[in-house]
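Below is one structure, written out as structure tokens; the observations come after it.
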Amino acid sequence: MSNESVQLAGRPVRRMGFGAMQLPGPGVFGPPKDRDAALAVLRRVIDAGVDHIDTAQFYGPDVANELLREALYPYPDDLVIVSKVGAERDDQGQWLGAQRPEQLRAGVLANLASLGLDRIPVVNLRRHPDSDVAFDEQVEAMEALRQEGLIGGTGLSNVDLGEYRAAQSMIDVACVQNPYNLADTSGEDVLEACRTDGVPYVPFFPLGSAFNPDNPVLGAASVKATAERLGATPAQVALAWLLRRAPNILLIPGTSSLAHLEENLAAADLVLDDEAVAALP
């Protein structure tokens, strides 16, 4: 796996990271289908040199964080764990907003408890488009948590360009995590702003939405043809395309399968030639 790195909240991380969202059960709810396999994936992540793991207390809830703790605690010194707040789950697994400042604080405390940490390197504020809480109040709440020493840096998730600009005028944004992939480049304006500012941009659903069975990324004819020509897989082509798209992009593809993990990690070394770049959207 490539050793190329990007600064994330003042710490160097490799551009290929890992997302823990797929470790819990179906719908990101409840225990994993195979707990031993999930733990093996996490241990292999570290053995492979990955030093950036994305998680959230509401994945499960608590399941992803507790798996991380069991597999990796005490955590390697170079590991940057990034979590997020702004949502919660009910007892049926429904996703609920948790946008108020006191809920953001509660979310950080819940992450600290389940991860077994005194301080989380980065916590993303996940903004809900229909939130009735003023964005600046949320940013101020996250900055207060940083000043208290509970988090190392504040990232943003699901934000538009105006929100990104507003946050940047108030704090040092650690990273931005927005949807972006071969089939959906609607967030190009935020990506470009982050590139200009030297802020890491972390695309979620880099291989297409996990909730969309008709995957427009992996099912694209150009992606499949390019993969066949280069002796790669469609997933590797899609990930390599993102890495080539901008130098500030960090990837966090997730999986509960060791085989898929190896496939994803190998994408960091896949070189897309001129023919591939011309063929892809």
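The values are calculated or read from the model by the stated rules, or taken from the named source; none is laboratory data. All of these numbers come straight from a predicted model, not from anything done at the bench. No Cβ is skipped: glycine too gets one built from the backbone with ideal geometry, and neighbour counts run over all protein chains shown. Keep in mind that these areas ignore ligands, DNA and RNA; they rest on the heavy atoms of the full protein, side chains included. Shrake-Rupley method; radii C 1.70, N 1.55, O 1.52, S 1.80 Å.
The distance between label points at Ala246 and Glu148 comes to 3.2 nm (points 7 Å beyond Cα on the Cα→Cβ vector).
Surface analysis of the stretch 219-264 yields an accessible area of 39 Å² per residue, using protein heavy atoms and a 1.4 Å probe.
Against the criterion of solvent-accessible heavy-atom surface with a 1.4 angstrom probe, Asp269, Asp132, Asp47 sort, most first, into Asp132, Asp47, Asp269. Per-residue accessible area (protein heavy atoms, 1.4 Å probe) orders Arg244, Arg89, Arg126 as Arg244, Arg126, Arg89, starting from the largest.
What the phi angles of the stretch 28-34 give under the Karplus curve with 6.51, -1.76 and 1.60, with θ = phi - 60°, is a coupling list of 6, 9, x, x, x, 4, 9 Hz, glycine and proline written as x. Between Ser222 and Asp91, residue separation times 0.36 nm minus the direct Cα-Cα distance comes to 43.0 nm. Residues in the stretch 8-124 average 41 Å² of solvent-accessible surface per residue, probe 1.4 Å, ligands and nucleic acids excluded. Note that the stretch 45-56 has calculated 3J(HN,Hα) couplings of 3, 5, 4, 7, x, 5, 10, 9, 10, 9, 8, 6 Hz, one per residue in order, obtained from phi through the Karplus relation 6.51 cos²θ - 1.76 cosθ + 1.60 (θ = phi - 60°); glycine and proline are x.
Ratio to report: Rg/Rh of the stretch 132-276, with Cα atoms as the point set and Rh obtained by the Kirkwood method; give two decimals. Intermediate results must be reported in sequence, preceding the final value.
On the way: Rg = 17.1 Å, Rh = 16.6 Å.
Using Cα coordinates only, the ratio equals 1.03.
Using a 1.4 angstrom probe on heavy atoms only, work out the carbon and sulfur share of the accessible area of the chain in %.
Exposed carbon and sulfur together represent 48 percent of the surface.
Subtracting the Cα-Cα distance of Asp197 and Leu109 from their residue separation scaled by 0.36 nm leaves 28.7 nm. Here is how the number arises for the chain: DSSP H runs of 4 or more residues each give -39500 (n - 2.57), the sum is divided by the residue count, and the result at 222 nm is -11500 deg cm²/dmol. Across the stretch 170-235, the mean sequence separation of Cα contacts (distance under 8 Å, 6 or more residues apart), normalised by length, yields a relative contact order of 29 percent.
Diagonalising the gyration tensor over the Cα atoms of the stretch 1-123 and scaling each eigenvalue by 5 before taking the square root yields semi-axes of 23, 18, 12 Å, largest first. Ligands, DNA and RNA excluded, the heavy atoms of Met170 present near 80 Å² of accessible surface to a 1.4 Å solvent probe. Overall shape of the chain was characterised from the C-alpha gyration tensor. The equivalent ellipsoid obtained from it has semi-axes of 28, 22, 18 Å, in decreasing order.
Kindly sort Leu96, Leu117, Leu145 by accessible area of their heavy atoms, largest first, with the probe set to 1.4 Å.
Descending order: Leu96, Leu117, Leu145.
Rounded to whole numbers, the Karplus 3J(HN,Hα) couplings from phi for the stretch 121-134 are x, 9, 10, 8, 7, 8, 7, 8, x, 9, 4, 9, 9, 4 Hz, using 6.51 cos²θ - 1.76 cosθ + 1.60 with θ = phi - 60°, and x at Gly and Pro. Note: relative contact order over the chain, using C-alpha pairs below 8 Å and six or more positions apart, is 19 percent. Fully extending the segment from Met1 to Ala40 would add 12.2 nm, taking 0.36 nm per residue of separation and subtracting the current Cα-Cα distance.
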